[in-house]
Amino acid sequence: MLAILSVLLLYICNPVVGVWYQQVYCSISESCECDFKPHIRDLEWDLYKNVYGQHLAQDIVSEEVAKFLQNKSPERPLVLSFHGASGTGKTMVSAMLGNHLYSSAMSSPYVHQFVPTLHFPLPDRVKEYREELKSWVQGNLTECARSVFFFDEMEKMPPGLIDVLEPFLGPSHVVFRTNYRKAIYVFIGTTGEEVINRVALENRQAGQEREDIQLEHLQEAIAQAVYNSTTSGFFQSRVIQQKLITRFVPFLPLSRRHVERCVRSQLCQRGSCGRTDVVEAVGGDMLYTPAQGQYFSTTGCKAVPAKINLFL
Ligand SMILES: Nc1ncnc2c1ncn2[C@@H]1O[C@H](COP(=O)(O)OP(=O)(O)OP(=O)(O)O)[C@@H](O)[C@H]1O
Ligand SMILES: [Mg+2]
């Protein structure tokens with residue numbers, strides 16, 4: 001009996017048989033581990049090729065996701081918080097992340113998105129929302145340890161709600177029968193944009209390269225901004241106090257050359273690659289701040305499709 005068991009064990013431990021066994025298992029199972037197929041190289045490629053002017057976001061996201069997924073039993077979940085002005089690529093980067101983690105991409109049942117105006121619209125119902133959010137997250141983690149949660153528009157999140165996630169985000173708490181440490185959380189919002197934009201402006205006025213902007217300058221400043229801002233889901237939040245965010249990810253304001261890259265890329269997608277006149281017209285039609293210098297687009301690349309329609 002022991003001999004048969006040993007042979008069986010050796011057989012299953014053989015890597016080729018292991019792969020075969022997993023394929024068979026995944027063809028009959030709906031386990032999320034089967035749908036979880038992270039392609040880190042593709043994510044890096046997507047980030048570096050298609051996101052313009054965001055060297056900090058590109059570096060942090062690729063680095064942290066790769067480090068986190070290489071660790072088979074992480075001590076804490078990966079918690080990223082995206083900050084920056086409107087139209088700078090926050091939602092776009094979060095979608096890239098989701099797309100390269102699961103084979104069914106953002107439509108995977110293990111990728112969850114929360115938008116406060118949709119899911120938590122009434123500030124006086126925070127108590128109920130807290131209960132709902134907690135049991136929703138816990139239920140999903142029980143079903144799939146590799147769950148991914150996106151919280152967009154954090155500036156509209158009722159303060160006090162996100163703190164209900166504190167037990168899931170830290171390293172030391174135990175959530176009964178749930179390996180919550182493999183999950184990924186991404187918070188997205190505009191709060192902190194003043195700090196980020198100021199650093200970008202000073203860099204520009206000093207005649208330095210955009211790539212000279214270092215993350216160290218911004219981490220603590222963003223943490224302070226979201227903690228102190230009344231229009232932030234992290235207002236006086238224990239998540240910030242307890243330092244449960246792995247990294248704050250700043251999105252820098254976009255210059256005219258970045259906007260024009262957005263125009264070029266979207267024109268190509270529409271089959272009008274050669275229309276440099278439209279690139280020039282859209283770039284020139286955007287609003288730029290500050291009045292003195294006109295360095296940064298006030299709407300990032302957000303208004304690009306509408307302007308293309310106007311000039312094409
Ligand atoms: N840095 C960028 N590189 C390339 N394209 C970009 C970039 N930023 C924005 N875009 C384009 O503009 C669109 C809008 O950007 P996105 O939705 O990511 O902005 P956001 O930062 O989430 O803004 P908001 O705070 O208003 O939600 C994207 O779908 C993309 O086409
Ligand atoms: Mg967005």
| task | Enumerate the pairs (first residue in the range 72-98 and under 15 Å from L56 (Cβ atoms) and assigned by TED's automatic domain parsing to the domain that holds S108; second residue anywhere and away from ligand 1 (no atom under 16 Å from the Cβ) and part of a strand (DSSP E or B)) with beta-carbon separation below 8 Å, excluding pairs fewer than 6 apart on the same chain, so at least 6 apart or on different chains. | result | L80/I184; L80/Y185; L80/R247; S81/R247
| Checking N71 against (1) within 16 Å of ligand 2 (Cβ to nearest atom); (2) over 24 Å from S297 (Cβ atoms), which test does it fail? | (1)
| said: I'm told C262 meets every condition in (1) closer than 23 Å to Q205 by Cα; (2) within 11 Å of ligand 1 (Cβ to nearest atom) except one. Can you identify the failing condition by its number? | reply: (1)
| Only one residue in L101, L122, L118 is more than 16 Å from ligand 2 (Cβ to nearest atom), farther than 26 Å from C34 by Cβ and assigned by TED's automatic domain parsing to the domain that holds D163, so which one is that? | L122
| Matching helices (runs of 4 or more DSSP H) fully within the range 29-144 where at least 3 residues are away from ligand 1 (no atom under 15 Å from the Cβ) | 32-35, 40-50, 55-70, 126-143
| task | Check whether at least one residue in the range 60-77 is small (G, A, S), in contact with a helix residue (DSSP H, G or I) (Cβ under 9 Å, 6 or more places away or on another chain) and under 20 Å from I245 (Cβ atoms), and report yes or no. | result | yes
| Tabulated pairs, the range 152-166, first under 12 Å from R130 (Cβ atoms) and of a type in the set (S, T, N, Q), second within 16 Å of ligand 2 (Cβ to nearest atom) and modelled with pLDDT of 95 or more, C-beta under 9 angstrom, 6+ apart or interchain | none
| said: Consider the range 255-312. How many of its residues are in contact with a strand residue (DSSP E or B) (Cβ under 6 Å, 6 or more places away or on another chain) and over 17 Å from S86 (Cβ atoms)? | reply: 1
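Listed here are the residues, each with its yes/no results for (1) within 16 Å of ligand 2 (Cβ to nearest atom); (2) outside the structural domain of C301 (by TED's automatic domain parsing).
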| position | (1), (2) |
| --- | --- |
| I188 | yes, yes |
| T191 | yes, yes |
| A200 | no, yes |
| N203 | no, yes |
| R210 | no, yes |
| Q214 | no, yes |
| Y227 | no, yes |
| C262 | yes, no |
| query | Which of the residues spanning the range 241-265 are of a type in the set (S, T, N, Q) and outside any helix (DSSP H, G or I)? | reply | Q242, T246, S255
| For the subset of the range 266-283 comprising residues that are touching a residue at least 40 places away in the same chain (Cβ under 8 Å) and assigned to a helix (DSSP H, G or I), which member is surrounded by the fewest Cβ atoms within 10 Å (Cβ to Cβ)? | Q266
| task | Take the range 103-136 and flag every residue that is touching a Lys or Arg at 6+ places or on another chain (Cβ under 7 Å) and buried (at least 16 other Cβ atoms within 10 Å of the Cβ). | result | Y110, P116
| task | Would you point out which residue out of E155, E166 is part of a helix (DSSP H, G or I), within 16 Å of ligand 2 (Cβ to nearest atom) and assigned by TED's automatic domain parsing to the domain that holds Y102? | result | E155
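Can you say whether E211 is within 16 Å of ligand 1 (Cβ to nearest atom) and more than 17 Å from N140 (Cα to Cα), as far as the supplied structure shows?
Taking the combined requirement at face value, the residue satisfies it.
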| query | within 16 Å of ligand 1 (Cβ to nearest atom), at pLDDT below 95 and within 28 Å of V61 (Cβ to Cβ): does that describe A225? | reply | no
| remark: Exception for L244 within (1) surrounded by 20 or more Cβ atoms within 10 Å (Cβ to Cβ); (2) of a type outside the set (F, W, Y); (3) more than 29 Å from the chain's Cα centre (by Cα) falls at (3)
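The values are calculated or read from the model by the stated rules, or taken from the named source; none is laboratory data. As the structure is a prediction and not an experimental result, all values here were calculated from the model. We place every Cβ from the backbone using ideal geometry, glycine too, and count neighbours over all the protein chains shown.
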